[in-house]
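Working notes, beginning with the structure itself.
What follows draws every value from the coordinates through simple rules; no lab data is involved. Source: prediction; values computed, not measured. Here the Cβ is made from the backbone with ideal geometry for all residues, glycine too, and neighbour counts use every protein chain on show.
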Amino acid sequence: MTTQLRLLPLALVALGSCSLQPPALQSPLRDELAAADSASIESATRDCLAHAGWKVDPIGGVAGGANLVTGYKAKQQTTVYVYPPPTSPRITGGPDEDAFWDCLGGALGAGRKKK
């Protein structure tokens, strides 16, 4: 039992070092989202959902001050909420897929560098 108590602080340190933040709050995506306008974020969200295999609803919506982008895949639905600045995070929701978030960061970063 004393061994278990000694290992508890190590387990807590290991747990604390894991990133539990949503992707939209992690750098560099957080910075790209902060610098982008809402229309660019919505466009990139639609493109990246489609790239990740989601069928994107062409008609968006509005809820709680956010523009909605909804996608469907098989029997799943995902909704990305795009908030206006200075809200942080600028987006919430979305699929739990690295491919989507990587695409979004790349699309926003590429768009900013071209200006």
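For segment 16-108, averaging the sequence separation of C-alpha pairs within contact (under 8 Å, six or more residues apart) and dividing by the residue count gives a relative contact order of 31 percent.
A straight chain from ALA63 to SER43 at 0.36 nm per residue would run longer than the Cα-Cα distance by 5.4 nm. With R₀ fixed at 30 Å, the C-beta to C-beta distance from GLN21 to ALA74 puts the FRET efficiency at about 0.60.
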